[in-house]
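The values are calculated or read from the model by the stated rules, or taken from the named source; none is laboratory data. These figures come from a predicted structure and were not determined experimentally. Methodologically, a virtual Cβ is constructed for each residue, glycine included, from the backbone with ideal geometry; neighbour enumeration extends over all protein chains shown. The accessibility values were calculated without ligands, DNA or RNA, using every heavy atom of the protein model including side chains. Shrake-Rupley method; radii C 1.70, N 1.55, O 1.52, S 1.80 Å.
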Amino acid sequence: MAWNMEEAIVYYKKQGAPADQSAVTALLREAQAEHGGTIPAYLVSTLAEALGVKESFLLAVIRRIPSLRLADTHCLEICAGPNCGRHAALAEAAEKLRSVKITVKFVPCMRMCGQGPNIRWDGKCYNHADEALLRQLTEKER
Ligand code: FES
């Protein structure tokens, strides 16, 4: 089953997060596993907001647990759903952006099909994406 951040947050809140630090740690481990072995910085702020804690709290947990690692890369997610996935030029442009600083992932339908093609850059969604938008977002990292 594909990892869904919102469902994971709800689940670990029921398990006691953020008061129960083992639940917070388990959520961070899942986030890390889902993102290829490191936790993207943007996700830390998203999780902090969802859990109602300061980002510095989650960063402290990550620093204290050696197996948790913070990524220093940006994350570009490209919707590969049935509608967005038809835009081959966008996928090809995204592939060319893969680098040490940019992780590119093709993800299932983002459920905004009418506004596609859709992408997510460091956790923020962009609709009607095209190659010019990709260049604009990644300009500083190339
Ligand atoms: S196919 Fe991209 S949002 Fe559904």
Accessible area per residue, Å², the chain with all protein chains present, probe 1.4 Å: 57
Cα long-axis angle, helix 21-34 against the chain (0 to 90 degrees, to the nearest 10): 20
Apportionment of accessible area to carbon and sulfur, the chain, percent (1.4 Å): 52
With R₀ set to 30 angstrom, the calculated FRET efficiency between the beta-carbons of residue 135 and residue 29, to the nearest 0.05, is 0.30
With all protein chains modelled, accessible area of residue 35 [1.4 Å, Å²]: 30
Relative contact order in percent for the chain (Cα pairs under 8 Å, 6+ apart) equals 19
Given unit charges at Cβ for Lys, Arg (+) and Asp, Glu (-), the dipole magnitude of the chain about its Cα centre in debye, nearest 20, is 220
Residue 125 versus residue 106, label points 7 Å from Cα toward the beta carbon: distance in nm? 2.1
